[in-house]
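In what follows, a single structure is set out as structure tokens and then discussed.
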Amino acid sequence: MDKFIKHSGIVAPVDRVNVDTDAIIPKQFLKRIERTGFGQFLFYEWRFLEDGVTPNEGFEMNKERYNGASVLISRANFGCGSSREHAPWAIMDYGFKVVIAPSYADIFYNNCFKNGILPIKLSEEQVEELFQRTAQHEGYQLHVDLENKVLRDDHGMEIQFDLDEHRRQFLLQGLDDIGLTLQHEDKISAYEAKQAAKLA
Amino acid sequence: MAKTMFEKIWDNHIIHQEEGKPSILYIDLHLVHEVTSPQAFEGLRLAGRKVRRPDLTFATMDHNVPTKDRFNIKDPISKQQVDTLTKNCQDFGVKLYDLNTVDQGVVHVMGPELGLTQPGKTIVCGDSHTSTHGAFGALAFGIGTSEVEHVLATQCLQQAKPKTMEVHIKGKRKPGVSAKDIILGVISKFGTAFATGYVIEYTGEAIRDLTMEERMTICNMSIEAGARAGMIAPDEKTFEYLRGREYAPQDYDRAVEEWKKLLTDEGAEYDARVEFDADELVPQVTWGTSPGMGRDVTDVVPSPADFSTENDRKAAEKALEYMGLTPGTKMTDITINRVFIGSCTNGRIEDLRKAAAVVKGYTVHSNVEAIVVPGSGRVKLQAEKEGLDKIFVEAGFEWRDAGCSMCLAMNPDVLNPGDRCASTSNRNFEGRQGRGGRTHLVSPEMAAAAAIKGHFVDVRDWEFKEEAVTA
């Protein structure tokens, strides 16, 4: 996996609570057997009108000012519902590297790290402030520094964010966690031998 | 030290732990389906890895499969996904219950039926409703595809230890009030994220009173409360349910003795506790686009002004708009044109019996298209043995083959825009059952009654035409 150290990018808003993974990537697109190519279907039913091709102008993220955005801000309980990893795949493939919300559903949160996406948790007030600044300044950008766990904008804002140290290292070093687990192969084998003996 | 059931199971499965890092946890049972596994198997191939324990890995196809003319998968991408699972299972030596076997079905219906699901096990599947298996006193949770690959390769997972929560359901529910109403009631009361970061243990008289299948309904929707997993302590009902099943332990009495040791010790502490009263509970109907947006069937559709925060008011407004509902409308005045009875929440034999008891002697309303989708081939067979299929078909329901079907509508069972559906499934998200489709989550009894009347009714007042169908 690629390392995540620093990132700067345009911010795009999805102003809803409880954004579920069905909304992030609807089921009809879960049939692919690859990990790539899901970005075109991100927020499909919100982004496009019923014909599936005409952009829905009512969907904030479709505005030209958010073209090329790579930081997504949203509200509480982001990524709830289905465990589909297609959701972070779609977010990533569309071009987002960072998601910011007050809270996340567990499985989605975990899936992000496996794909080199940084999900940042901020307070409701801080997220509200980001929504306002995003609306206020066209081309609003955030600069994320994972080494120092700091978020900055170009208008004097600086926010320190919190992140579990192991997860931070995981992204900073772009680790392969299957490889990490397999370093304990002897212990896994010993456990299996013990279990087999119990059943015998 | 006194331990909760969760802590005992967790501790029994620790391979390795280090301060500040997630624990490496051994996984006893890995269930696999066609949607969240292809990229995981591909990952193994690319890395030259094998499935470490094919004997602990079991697969079925459920999400994509058509529920009529099932061998003829018309969507070529669906077919490719199903065929890919078949090939992956062959290549990696994984046992597959495919469409040719009677055991094929929704993965969370199949596991318990085969006796694979057992107390004390760690169980994972690339599916959020894996929480279902917690009904047996197992630690069962959904994982993403990267983790599916991790388990295939190592039979382990890296997991940070979740916190524990006791959800105590006291009292006795009244006739006509189902397990589904309990869990919908809990989620409506406490919200869709109240258990995020926690493993729930459900306790209390109302839980002990439930059958195994009802317990599965409760644990199934733990994820809709945000929980990592939901569990219920095993008891005689659990041991009776599993006795004699294909994968039940050989030395059953010894296993039962071990399972009895799993119960939460007296004096053990949970990190959080909430209480819910089953006594006053009435049947529930969701009105919005989140499982927490539910109300009593005797109530009315709420107004955004009823909510205390700006975000909740906005969410309610959006939900009402999507659902095409006006605040103040009586729940029982909401008319529906589709009914779906099935899913890993409510697609088991007892669910079908309860729905059939309501339907018997009635005819489906002329505006309604209603389907019954058994959770597995075995459920279907049993229902047919009891004549339930005839009751449904005579009333005007379609009787289908097993699969996930319209719970998530990956197969041809999809709502059309504007359709309004009484559904026994678990999620009422926008577009979940089809773009523009409107989903109301209810119990099987409530869905059956709505199919007959064409609108929601309080099933506690139902006039059963004949004696309830018995097993």
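The values are calculated or read from the model by the stated rules, or taken from the named source; none is laboratory data. Everything numeric here is computed off the predicted structure, so don't read it as measured data. Methodologically, a virtual Cβ is constructed for each residue, glycine included, from the backbone with ideal geometry; neighbour enumeration extends over all protein chains shown.
Among the residues of the range A:93-126, what is the count of those that are assigned to a helix (DSSP H, G or I), surrounded by fewer than 21 Cβ atoms within 10 Å (Cβ to Cβ) and aliphatic (A, V, I, L, M)?
Going through the range A:93-126 one residue at a time, the tally reaches 0.
Of all residues in the range B:186-199, which are more than 14 Å from residue B:166 (Cβ to Cβ) and assigned to a loop (DSSP other than H, G, I, E, B)?
Listed by number, the residues that qualify are B:191, B:192, B:193, B:196, B:197.
Hey, among B:416, B:411, which residue is within 14 Å of chain A (Cβ to nearest Cβ) and either crowded, with 24+ Cβ neighbours inside 10 Å or more than 16 Å from residue B:367 (Cβ to Cβ) (or both)? Spell out the reasoning first.
Working: B:416 fails: either crowded, with 24+ Cβ neighbours inside 10 Å or more than 16 Å from residue B:367 (Cβ to Cβ) (or both).
The unique qualifying residue is B:411.
With (1) free of Cβ contacts under 8 Å to residues at least 60 places away in the same chain; (2) assigned to a strand (DSSP E or B); (3) within 14 Å of chain A (Cβ to nearest Cβ) as the list, and residue B:202 as the residue in question, which single condition is left unmet?
(3)
It is to be established whether one or more residues within the range A:181-191 are within 30 Å of residue B:254 (Cβ to Cβ), surrounded by fewer than 21 Cβ atoms within 10 Å (Cβ to Cβ) and aromatic (Phe, Trp, Tyr).
The answer is yes, given that some residue of the range A:181-191 is within 30 Å of residue B:254 (Cβ to Cβ), surrounded by fewer than 21 Cβ atoms within 10 Å (Cβ to Cβ) and aromatic (Phe, Trp, Tyr).
Hey, residue B:163 hits all of (1) buried (at least 24 other Cβ atoms within 10 Å of the Cβ); (2) touching an Asp or Glu at 6+ places or on another chain (Cβ under 6 Å) but one; which does it fall short on?
Result: residue B:163 fails condition (1) only.
Here's a check for you: in the range A:34-56, which residue that is among the charged types (D, E, K, R) and modelled with pLDDT under 95 is surrounded by the most Cβ atoms within 10 Å (Cβ to Cβ)?
Here the answer is A:35.
Could you say which residue among B:179, B:255, B:195, B:160 is more than 14 Å from chain A (Cβ to nearest Cβ) and either among the hydrophobic types (A, V, I, L, M, F, W, C) or out of contact with any Pro (no Cβ under 9 Å at 6 or more places or on another chain) (or both)?
Answer to the check: B:179.
Just to be sure I understand, how many residues within the range B:104-139 are in contact with a Leu (Cβ under 6 Å, 6 or more places away or on another chain) and within 21 Å of residue B:65 (Cα to Cα)?
Total satisfying the criteria: 3.
What tally of residues in the range B:265-320 results from selecting those that are touching a Lys or Arg at 6+ places or on another chain (Cβ under 8 Å), within 14 Å of chain A (Cβ to nearest Cβ), of a type outside the set (S, T, N, Q) and part of a loop (DSSP other than H, G, I, E, B)?
Going through the range B:265-320 one residue at a time, the tally reaches 2.
Being within 9 Å of chain A (Cβ to nearest Cβ) and under 19 Å from residue A:185 (Cα atoms) is the filter; apply it to the range B:19-42 and report the residue that is farthest from the chain's Cα centre (by Cα).
The qualifying residue farthest from the chain's Cα centre (by Cα) is B:21.
Are there any pairs with C-beta distances below 6 angstrom linking a residue in the range B:90-119 that is small (Gly, Ala, Ser) to a residue that is in a loop (DSSP other than H, G, I, E, B) and at pLDDT 95 or above, with the two at least 6 apart or on different chains, and if so which?
Within 6 Å, the pairs are B:105/B:375; B:105/B:402; B:111/B:117; B:115/B:245; B:115/B:246; B:115/B:247; B:115/B:248.
Rundown of residues vs (1) closer than 29 Å to residue B:341 by Cβ; (2) among the basic types (Lys, Arg); (3) more than 14 Å from chain A (Cβ to nearest Cβ), yes/no style:
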| site | (1), (2), (3) |
| --- | --- |
| B:97 | yes, no, yes |
| B:115 | yes, no, yes |
| B:127 | yes, no, no |
| B:131 | yes, no, no |
| B:152 | no, no, no |
| B:156 | no, no, no |
| B:168 | no, no, yes |
